[in-house]
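This report concerns only the one structure given below.
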Amino acid sequence: MSVLTRRLLKNSVLKGPFASGLAVILGLLPPIASASVAHASVVPSSVAQASVVPSSVAQASVVRDIQYWLADYGIERAWSITRGAGVRIAFIDTGVDGSHPDLAGAVVAGADFSGLGSSDGQTPVGSVAGHGTMVASLGAGRGHGDNEGVIGSAPEASIVSASVSFDGSRVSPDDQIARAVRFAVDNGASVISLSLTRNTSEWPESWDDAFRYAADKDVVVIASAGNRGSGTMAVGAPATMPGVLAVGGVTREGVASDAASSQGITIALMAPSEGLVGAVPGGGYTSWSGTSGATPIVAGIAALVRSAFPGMDANNVINRLVATATPVTDKVPDPLYGYGLVNAYDAVTREIPLVSANPLGSLEDWIALHREQRGNPMVFPLGPAQEGRETVGFAPPPVAVEGTRREVLPFVVTGAFALALEVVVAIGALRVFRARRRG
């Protein structure tokens, strides 16, 4: 181990999973994997990428043991009621590799909106190509064999894969996602999972139409809050949109994650975002962190609710999820934790009064107030205002990513692969170390 490596690992920025992830990249620790060789890479904004080559020593059975959230968040208990049969979850991401043993037979519909993938949405695309497979495995993975591999929150739910790319496509990410949302709705998805952020609180008008279409068709939309560790300091769209259930991330101890989550008044629920494991294209596995992982865990739980209460509308599914959450503080909703930690078993068993409206606001009402207001049709405040929540100002303006047109706002995949995220942190730590030496 070099002197530089020792110093980076000792730096206060590199704690817990970040330090161990950096050690994997540097060849000091083996990554988690199956016998298959797979690569996981991420380029948040314009940061350089890193790759992971899984070891052939680890077994898929080890992967199941790592999934602490199945017991800690009541998911295994909820399976005594339902495992999500009859529900379709759409993952709008970089494509889902349906040939992975843990996803065999799970993908029932798909399409590509990037112009880079295959017509069934099962070819990973973009510089973060494996991200979609990882995300889908935590939401609706089925595992395989005798308790081997990754199993999602709703292992009997079906997957709709809508592949999009955040770079390299001639179609803007904004347009890709708007089209993908409509496709998901038209292909029977009753839950849409979005592990991505625009990194700004605002969103394009094309999303007004697409997300309003989803709301009109009674679809639950769930989006990630983003990660401070990848530069998202405040929640960005689509998690700022009224009616969308925004998911933040916590450590294994249930404490808001410093790096693998973000902060904002629109966060509704918290779920695990550290110490995660996911399936990657080619049959392998990797460890990772981020609200990209927390989001499909909640999306799978939403599918359990929809399966347990097949006649329940989206407004009441969302209300049931937030009403049964385990509060973290005395204030509910809390500005950091929202309504609390998601609780799968309570979500499918507790008696909850019915509501007539989405507790997270109405996009239709927001559009009428802000888009159609005379003289000021382009106002973008942060998310749905709720009683008891402070109103905050605008997020800083976005910064154009090198190699993209400035008028196209950059997207940041919010979970990314943990090991690539470690590279980002490591670079920052090195700069801090050098700055301290100059000082």
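The values are calculated or read from the model by the stated rules, or taken from the named source; none is laboratory data. In this text the structure is predicted, and so the values were computed from the model without any measurement. Positions of Cβ are backbone-derived with ideal geometry, glycine not excepted, and every protein chain shown enters the neighbour counts.
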Considering residues of region 167-212 that are part of a loop (DSSP other than H, G, I, E, B) and within 21 Å of Gly98 (Cα to Cα) only, the residue nearest to the chain's Cα centre (by Cα): Ser195
Name the residues in region 362-378 that are modelled with pLDDT under 70 and within 28 Å of the chain's Cα centre (by Cα), would you? Met378
Given the condition of a type in the set (Gly, Ala, Ser), touching a residue at least 40 places away in the same chain (Cβ under 8 Å) and touching a Leu at 6+ places or on another chain (Cβ under 7 Å), answer yes or no: does some residue in region 179-194 qualify? no
If you take the residues of region 119-155 that are farther than 19 Å from Ile81 by Cβ, aliphatic (A, V, I, L, M) and part of a loop (DSSP other than H, G, I, E, B), which of them is modelled with the highest pLDDT? Val125
Please work out if Pro381 is surrounded by fewer than 19 Cβ atoms within 10 Å (Cβ to Cβ), modelled with pLDDT under 85 and within 27 Å of the chain's Cα centre (by Cα). yes
Identity of the residue in region 287-325, touching a Gly at 6+ places or on another chain (Cβ under 6 Å) and hydroxyl-bearing (Ser, Thr, Tyr), that ends up surrounded by the fewest Cβ atoms within 10 Å (Cβ to Cβ): Ser307
Which of the residues that make up region 102-126 are of a type in the set (A, V, I, L, M) and closer than 15 Å to Ala157 by Cβ? Leu103, Ala104, Ala106, Val107, Val108, Ala109
List pairs: first in region 125-140 and under 17 Å from Ser273 (Cβ atoms), second among the acidic types (Asp, Glu) and in a helix (DSSP H, G or I), Cβ under 7 Å, 6+ apart or cross-chain? Ser137/Asp102
Can you find even one residue in region 297-312 that is farther than 16 Å from Val87 by Cα and either at pLDDT 95 or above or touching an Asp or Glu at 6+ places or on another chain (Cβ under 9 Å) (or both)? no
Among (1) of a type outside the set (Phe, Trp, Tyr); (2) part of a loop (DSSP other than H, G, I, E, B); (3) surrounded by fewer than 24 Cβ atoms within 10 Å (Cβ to Cβ); (4) at pLDDT 95 or above, Asp258 falls short only on (4)
Would region 154-169 turn up any residue that is touching a Lys or Arg at 6+ places or on another chain (Cβ under 8 Å), of a type outside the set (A, V, I, L, M) and buried (at least 24 other Cβ atoms within 10 Å of the Cβ)? no
Check Val181, Val87, Val108 and return the single one that is within 15 Å of Leu196 (Cβ to Cβ) and either in contact with a helix residue (DSSP H, G or I) (Cβ under 8 Å, 6 or more places away or on another chain) or hydrophobic (A, V, I, L, M, F, W, C) (or both). Val181
Selection count where residues are at pLDDT 75 or above and under 15 Å from the mean Cα position of the chain (by Cα), scope region 231-250: 13
